[in-house]
1. Step by step: first the residues of the stretch 41-61, then only those that are out of contact with any helix residue (DSSP H, G or I) (no Cβ under 6 Å at 6 or more places or on another chain) and touching a residue at least 60 places away in the same chain (Cβ under 8 Å), then the one that is farthest from His296 (Cα to Cα). Which residue is that?
2. If I filter the stretch 254-275 for residues that are touching a Leu at 6+ places or on another chain (Cβ under 9 Å), open to solvent by 40 Å² or more (accessible area, probe 1.4 Å), closer than 29 Å to Asp142 by Cβ and part of a strand (DSSP E or B), do I get at least one hit?
3. Among residues belonging to the stretch 45-69 that are part of a strand (DSSP E or B) and more than 8 Å from the chain's Cα centre (by Cα), point out the one that is nearest to Ser233 (Cα to Cα).
4. I'm trying to understand the selection: among the residues of the stretch 78-92, which are open to solvent by 40 Å² or more (accessible area, probe 1.4 Å) and farther than 30 Å from Asp315 by Cα?
5. Among (1) more than 21 Å from Phe226 (Cα to Cα); (2) modelled with pLDDT under 95; (3) buried (at least 22 other Cβ atoms within 10 Å of the Cβ), where does Leu113 come up short?
6. Could you grab the pairs with beta carbons closer than 8 Å, sequence gap of 6+ or different chains, first residue in the stretch 189-215 and of a type in the set (D, E, K, R), second one open to solvent by 50 Å² or more (accessible area, probe 1.4 Å) and not in a helix (DSSP H, G or I)?
7. Just one of the numbered conditions (1) on the phi < 0 side of the Ramachandran plot; (2) modelled with pLDDT of 95 or more is not true of Ser151; which one?
8. Collect the residues in the stretch 22-44 that are part of a loop (DSSP other than H, G, I, E, B) and of a type outside the set (A, V, I, L, M), keeping them in residue-number order.
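The values are calculated or read from the model by the stated rules, or taken from the named source; none is laboratory data. Owing to the predicted nature of the structure, the values given are computational and were not obtained by experimental measurement. For neighbour counting, all protein chains shown are included, and Cβ atoms are generated from backbone atoms with ideal geometry for every residue, glycine included. We work out accessible area using only protein heavy atoms, side chains counted, and drop any ligands, DNA or RNA first. Shrake-Rupley method; radii C 1.70, N 1.55, O 1.52, S 1.80 Å.
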Amino acid sequence: MSSTELPGLRSTAEPSSQVAAVRVAEGEQVRTVALPGLELAVRFRPPRRPGLPAALFVHGLGGSSTNWSDLMAQLEDEVDGEALDLPGFGWSPPPANRDYSLTAMARAVIRHLDAAGRGPVHLFGNSMGGAVVTRVAAVRPDLVRTLTLVSPALPELRVQRSAVPTALLAVPGTAALLARLTRGLTAEQRTRGVTDLCYGDPSRVTPEGFRHAVEEMERRLALPYFWEAMTRSSRGIVDAYTLGGQHGLWRQAQRVLAPTLLIYGGRDLLVSYRMARKAAAAFRGSRLLCLPEAGHVAMMEYPEVVATAFRELLDESARHTEDGRG
């Protein structure tokens, strides 16, 4: 679990008429997708050429689609990529029913893919988004071509001490208490804390990127639903951790049929590095990439490395397909 409203790329003009004042990286655009009871901001890069396979990127708790800007730029020759802001995060308003459960988040992803007709896609998820897309891949295998998980928030029996404050957001009343206790913190101090928590090496954040992250933190804190989205989503993760049987996340991981790439950071303070081996055993035939110097958001710290690993996954999947035909 994490709060990953982290530094993004350089700001350019905002092409979306429905989503005003959204910060976008060079080459990106943002559009609004309206579904019954749901409105999603979707960040995308126009495909470099026709016929590229579709990809969808899903962020973690407290994060947004900007967490994927670096990686989408790295992969623009490989995929037709888009990243959505989950309901209540980034530039997406809260869901009409105020349901922030993991199942509701997975349902939002599925509804978007069904409405857009983009499946099957190369599906990416980080942290909470990793748990969300694991559920999507398990229940709707027809929508998933490959699965890439960066520090997925899958159940751990022994949570790291540094992850406890985030987990405590699920406890009723804790958010209000935390809001009072941190009232004196500036947006810059809050952003620094998040960066220190999520990056293996916070010095990798550029001054410009940090300034943009502070501006985004100020915007998010001013939203009337900020704490609601954080607390209810945290509660949704904890509730999902307690589910057993066929709805348990580890059981669903075992049901995933898509070729899977798992990426873990050795300096991750939120998802334990030791979970890599268990995940590799759960996702059948998966590839595992361990980055000793990375923290919780390897796709932001080492986008070139993650992109290379994804291309290797594509190559291996293509070879298996050809062997099957042979």
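1. From the stretch 41-61, those out of contact with any helix residue (DSSP H, G or I) (no Cβ under 6 Å at 6 or more places or on another chain) are 41-42, 44, 46-56; that's our starting set.
If we keep only those that are touching a residue at least 60 places away in the same chain (Cβ under 8 Å) too, we end up with 42, 53-56.
Details: Val42: 23, Pro53: 27, Ala54: 25, Ala55: 21, Leu56: 19 Å.
Only one residue tops the list, namely Pro53.
2. no
3. Our first condition is that a residue be part of a strand (DSSP E or B); within the stretch 45-69, this holds for 54-58.
Add one more test, that the residue is more than 8 Å from the chain's Cα centre (by Cα), and what stays is 54-56.
Numbers: Ala54: 27, Ala55: 24, Leu56: 20 Å.
Among those that are part of a strand (DSSP E or B) and more than 8 Å from the chain's Cα centre (by Cα), it is Leu56.
4. Keep residues of the stretch 78-92 that are open to solvent by 40 Å² or more (accessible area, probe 1.4 Å), which gives 78, 91.
Across the stretch 78-92, the qualifying residue is only Trp91.
5. With (1) more than 21 Å from Phe226 (Cα to Cα); (2) modelled with pLDDT under 95; (3) buried (at least 22 other Cβ atoms within 10 Å of the Cβ) applied to Leu113, the lone miss is (2).
6. Partner pairs satisfying both residue conditions: Asp201/Arg267; Asp201/Glu293; Glu208/Arg10; Glu215/Arg23.
7. Of everything listed in (1) on the phi < 0 side of the Ramachandran plot; (2) modelled with pLDDT of 95 or more, Ser151 misses just condition (1).
8. Keep residues of the stretch 22-44 that are part of a loop (DSSP other than H, G, I, E, B), which gives 22-28, 36-37.
Arg23, Glu26, Gly27, Glu28, Pro36, Gly37 - these are the residues of the stretch 22-44 that are part of a loop (DSSP other than H, G, I, E, B) and of a type outside the set (A, V, I, L, M).
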